[in-house]
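Peer 1: Dropping a structure here in structure tokens format, bear with me for questions.
Each reported figure results from applying straightforward, stated rules to the coordinates on display, with no laboratory input. Being a predicted model, the structure only gives us computed values, none of them experimental. Glycine also receives a Cβ, built like all others from the backbone with ideal geometry; neighbour counts cover every protein chain displayed.
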Amino acid sequence: MSAVDLAEISVRELNQRLHDLAPGANETEWTISNPRGRHAIAVGLDAPANLHIDGHVGYYCGGMNKQASIQIDGNAGQGLAENIMSGTVHCTGNASQSAGASGHGGLVVVEGDASSRCGISMKGVDIVVGGSIGHFSAFMAQAGHLVVCGDAGDGLGDSIYEAFIYVGGNVGSLGADCIEKEMTDAHRQTLAELLAKAGIEDDITRFRRFGSARELYNFNIDNAGNY
């Protein structure tokens, strides 16, 4: 196991070491101490490494992640796992705004609450939030799944395309072209699998599903006021 103390080296040095990992390298287990809210920790990884970050992180931790599994024992700042491609980013605390934004794949887990704009412009990522999320989450979400065990703020799923949203609590309001949809056995199975992958236990029978009404896919003058 490689142990890195960010009180002794810079984030740039840490990221360079992670970027330099050769295919098939033995350095797959990493422990990172004293993050102290620093920004851009473990961004742009493209190796099947396992990182354990002991403490709070700042902006964009785990951004553009490919293959790696990153666990943060603490809270995360803005843009957690932004543009994630594959792998897992798991935050045991709360996350600031835009968690999982533009994610193409992989899994993002926030055990606590996530702030506004969680999952905006999702393109295939799966996001599971154990607590609640803020306003305008899943804005223009194109593909993937957003699971919220708590409540969702106003404007949920505004201008959504083909992503799926599951909410266990209350919804402040739905955004343009987002409606509640039928919850079938297939959807319950998908929800159960996502919760299991995230390591979160919950009663799937209390969840509701939301998605696109498909009224705003193409511009229509009659719908101009809804865009």
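Peer 1: Dimensions of the stretch 67-203 along principal axes (Cα, Å, largest first)?
Peer 2: The Cα atoms of the stretch 67-203 stretch 34, 29, 24 Å along their principal axes.
Peer 1: Now, a different point. Where in the stretch 124-227 are there GluC sites (Glu not before Pro) that are in a DSSP coil and have at most 16 other Cβ atoms within 10 angstrom of their Cβ?
Peer 2: GLU162, GLU182, GLU201, GLU215
Peer 1: Among the DSSP beta bridges whose two residues both lie in the chain, what percent are antiparallel, rounded to the nearest 5?
Peer 2: Rounded to the nearest five, the antiparallel share is 15 percent.
Peer 1: A further question follows. Dipole magnitude of the chain about its Cα centre, charges +1 at Lys/Arg Cβ and -1 at Asp/Glu Cβ only, in debye to the nearest 20?
Peer 2: 260 debye
Peer 1: If you don't mind, another one. Compute the acute angle (0 to 90°) between the alpha-carbon long axis of helix 185-198 and the principal axis of greatest extent of the alpha-carbon atoms of the chain; round to the nearest 10°.
Peer 2: 20 degrees
Peer 1: Give me the compactness ratio for the stretch 127-190, meaning the Cα radius of gyration over 2.2 N^0.38 Å.
Peer 2: 1.01
Peer 1: Go through THR184, ILE200, GLY79 and say which Cα lies farthest out towards the positive end of the charge dipole of the chain; charges sit on Cβ, +1 for Lys and Arg, -1 for Asp and Glu.
Peer 2: The residue sitting farthest along the positive end of the dipole is GLY79.
Peer 1: Let me ask something additional. For the stretch 1-100, rounded, prolate or oblate, judged on the Cα gyration tensor with a ≥ b ≥ c (square roots of eigenvalues), a/c < 1.5 rounded, else prolate if a/b > b/c?
Peer 2: Oblate, since a/c reaches 1.5 and b/c is not below a/b.
Peer 1: Given the rule -39500 (n - 2.57) for each run of at least 4 DSSP H residues, summed and divided by the residues of the chain, what is its mean residue ellipticity at 222 nm, to the nearest 500 deg cm²/dmol?
Peer 2: Helix-only estimate at 222 nm: -3000 deg cm²/dmol.
Peer 1: Take every Cα-Cα pair in the stretch 1-52 and report what % of them are more than 19 Å apart. Walk me through the intermediate numbers first.
Peer 2: Values: 243 of 1326 pairs.
Summing the P(r) of the stretch 1-52 above 19 Å gives 18 percent of all pairs.
Peer 1: Obtain the nm distance between the two label points defined at ILE9 and ALA186 by a simple spin-label model: each point lies 7 Å from its Cα along the Cα-to-C-beta direction.
Peer 2: About 4.8 nm separates the two model spin labels.
Peer 1: How much net charge surrounds ASP54 when only other residues with a Cβ under 11 Å from its Cβ are counted (Lys, Arg +1; Asp, Glu -1)? Working shown, then result.
Peer 2: Numbers: positive: ARG36; negative: ASP5, ASP73.
Around ASP54, the surrounding residues sum to -1.
Peer 1: Mind checking which lysines have their C-alpha under 21 Å from LYS197, skipping anything on the same chain fewer than 8 residues away?
Peer 2: LYS66, LYS123
Peer 1: If I take every Cα pair under 8 Å that is 6 or more residues apart in the chain, average their sequence separation and divide by the length, what percent do I get for the relative contact order?
Peer 2: Result for the chain is 10 percent.
Peer 1: Right, here's the next one. I'd like to know which of GLY157, ILE53, GLY168 lies farthest towards the positive end of the charge dipole of the stretch 2-226, counting +1 on Cβ of Lys and Arg and -1 on Cβ of Asp and Glu.
Peer 2: GLY157
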